[in-house]
Amino acid sequence: MRIKPGRSYPLGATYDGSGTNFSLFSEAAERVELALIAEDGSQECVDLTELDGLVWHGYLPGVGPGQRYGFRVHGPYDPDQGQRCNPAKLLLDPYAKAIDGQIDGDESLFGYRFDDHDEPNDRMDSLGHTMVSVVTDTAFDWGDDRAPDLAYHHTVIYEAHVKGLTQKHPGVPEEIRGTYAAIGHPVISRGSGSPRSSSCRCTSSSRTRTSRSAACRTTGVITPSAFSPRTTPTPPPAAAGSR
């Protein structure tokens with residue numbers, strides 16, 4: 001399979017619509033193989049020959065979402081020094097966005113032999129007994145939604161807790177208070193419409209992208225009143241027998 005140099009960043013597998021860039025950091029590796037796993041469980045290994053700043057990388061045209069893969073790292077095996085390079089072990093991509101399969105406890109998964117813990121287990125291949133990484137497509141269609149593209153000197157960044165921001169807000173429907181959907185409600189995303197307010201983009205640390213409200217990305221006007229509704233909290237009733 002033809003491989004191109006690719007890029008050292010971003011780390012992991014990055015699909016660009018035409019192919020996938022693979023990038024792996026390793027301080028100990030002397031050689032890194034990218035193992036492409038077929039549907040029947042067979043593999044094709046490709047050497048990542050490009051090395052920049054301890055990052056091994058390469059670009060494979062035609063490889064796209066759904067491709068299962070792993071890494072085989074060649075290098076020193078010295079457990080006392082924390083070095084356990086063993087190309088017989090198919091390694092997960094530490095930057096993988098998706099994984100598939102399960103480990104089954106087979107002896108091939110271990111770095112030592114069951115009958116001799118001091119003997120390196122470098123003859124048993126773990127392929128078929130362990131999980132594999134999966135190439136994904138992270139592109140998302142936001143429809144007609146656009147980022148406000150404001151200059152930083154016109155931007156205020158406000159970090160808020162979803163429940164704390166919306167649970168008691170009188171302008172948010174009670175059935176969605178405390179949820180991501182509440183963040184997308186106009187009273188939160190657009191505030192009171194004050195002319196002094198600035199448009200903003202609300203984002204969530206959640207990687208779920210099943211809907212705009214779940215991704216918590218809204219465009220509108222945020223005002224202080226949207227974050228801090230001017231309501232007076234009701235004090236709790238006095239306990240029986242109290243003075």
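The values are calculated or read from the model by the stated rules, or taken from the named source; none is laboratory data. Since the structure is predicted, the reported quantities are computational estimates derived from the model, not experimental observations. Every residue, glycine as well, gets a Cβ built from its backbone with ideal geometry; the counts of neighbours run over all protein chains shown. Just so you know, the surface numbers come from the protein's heavy atoms only, side chains and all, with ligands and any DNA or RNA stripped out. Shrake-Rupley method; radii C 1.70, N 1.55, O 1.52, S 1.80 Å.
If Rh is defined by the Kirkwood formula over all Cα pairs and Rg also comes from Cα, what ratio Rg/Rh do you get for segment 11-71?
0.97
Select from segment 106-175 those GluC sites (Glu not before Pro) which occupy a DSSP coil region and have at most 14 other Cβ atoms within 10 Å, ordered by residue number.
The qualifying sites are GLU159.
Diagonalise the Cα gyration tensor of segment 1-127 and give the resulting equivalent ellipsoid semi-axes, square root of 5 times each eigenvalue, largest first, whole Å.
26, 18, 11
So, with +1 on the Cβ of K and R and -1 on the Cβ of D and E, and no other charges, what is the size of the charge dipole of segment 1-130 about its Cα centre, to the nearest 20 debye?
The dipole magnitude comes to about 680 debye.
DSSP loop (so not H, G, I, E, B), at most 11 other Cβ within 10 Å: list which trypsin sites (Lys or Arg not before Pro) in segment 113-158 pass both filters.
Those satisfying the criteria are ARG123, ARG146.
In nm, to one decimal, how far is the modelled label at ASP80 from the one at GLU39, with both set 7 Å along Cα→Cβ?
Each label point lies 7 Å from its Cα, and together they span 5.0 nm.
If I ignore ligands, DNA and RNA and count only protein heavy atoms, how much of HIS153 is accessible to a 1.4 Å probe, in Å² to the nearest 10?
It works out to around 150 Å².
Calculate, in nm to one decimal, what THR49 and ARG2 gain on full extension: separation in residues at 0.36 nm each, minus their alpha carbon distance.
15.7 nm
Please compute the modelled spin-label separation between SER18 and MET131, points set 7 Å along Cα→Cβ, answer in nm with one decimal.
3.3 nm
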